Amino acid sequence: MATTVDDARKLVSVAMMGDGCACPVCDQFVKAYRRSITVTMARWLIWLHGACESSEHPARWVDVRTSPVRGGDYAKLRYWGLAENMPNDRPETRNSGMWRTTERGARFVRRRAWVPRYLVIYNARVIEESAQTVCIVDSLREKYDYRDLMKRAGLSTDDATRGNADMLLPFNIH
């Protein structure tokens, strides 16, 4: 029995939210991934914000190879609108390697912004976001001392709020 494009879409839209599946039309593996901000991502964002604040680059871009925080998940912070990669003008490299925090990212680091607890990402696009929100301290999961991380990044906690962060609503990055 032949599969119509509509049948394939229905099959894929259900299966991609679970374990994924091979598309019956093109055989590509299809899966949506639910992502949260991990401890490592939160630590990296604090480091990046501190490095951006002290950067001599006019637009405050920072070379991520200088980061003491290891792991590549930091790039996913762009889906929350917390960090951005400098446009790459060199075709021989995948990206520029230069990053900076966005205004929202700076507010998140300073405990002045909340973001969705998780995002569902498919094909490098956000297709769903959690209604529940978190602040950076939630993302650190009490494993790290927020004030100590801020101090090591060269950032003051004097202007960081101590209660609930301002809600930035509506949050829409589709």
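The values are calculated or read from the model by the stated rules, or taken from the named source; none is laboratory data. Owing to the predicted nature of the structure, the values given are computational and were not obtained by experimental measurement. Positions of Cβ are backbone-derived with ideal geometry, glycine not excepted, and every protein chain shown enters the neighbour counts.
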(Q) For the range 25-51, give me each residue that is crowded, with 21+ Cβ neighbours inside 10 Å, under 17 Å from the mean Cα position of the chain (by Cα) and over 29 Å from Ala15 (Cα atoms). (A) Ala42, Arg43, Trp44, Leu45, Ile46, Trp47, Leu48, His49
(Q) Condition first: in contact with a helix residue (DSSP H, G or I) (Cβ under 6 Å, 6 or more places away or on another chain) and assigned by TED's automatic domain parsing to the domain that holds Val134. Can you find one or more residues in the range 9-24 that meet it? (A) no
(Q) Residues that are under 29 Å from Gly20 (Cβ atoms): list the strands (runs of 3 or more DSSP E) wholly contained in the range 48-151 that include at least 2 such residues. (A) 83-85, 118-122, 125-129
Q: Can you run down the residue pairs with Cβ atoms below 6 Å, 6 or more apart or on separate chains, where the first is in the range 68-88 and farther than 12 Å from Leu48 by Cβ and the partner is surrounded by fewer than 14 Cβ atoms within 10 Å (Cβ to Cβ) and at pLDDT 95 or above?
A: none
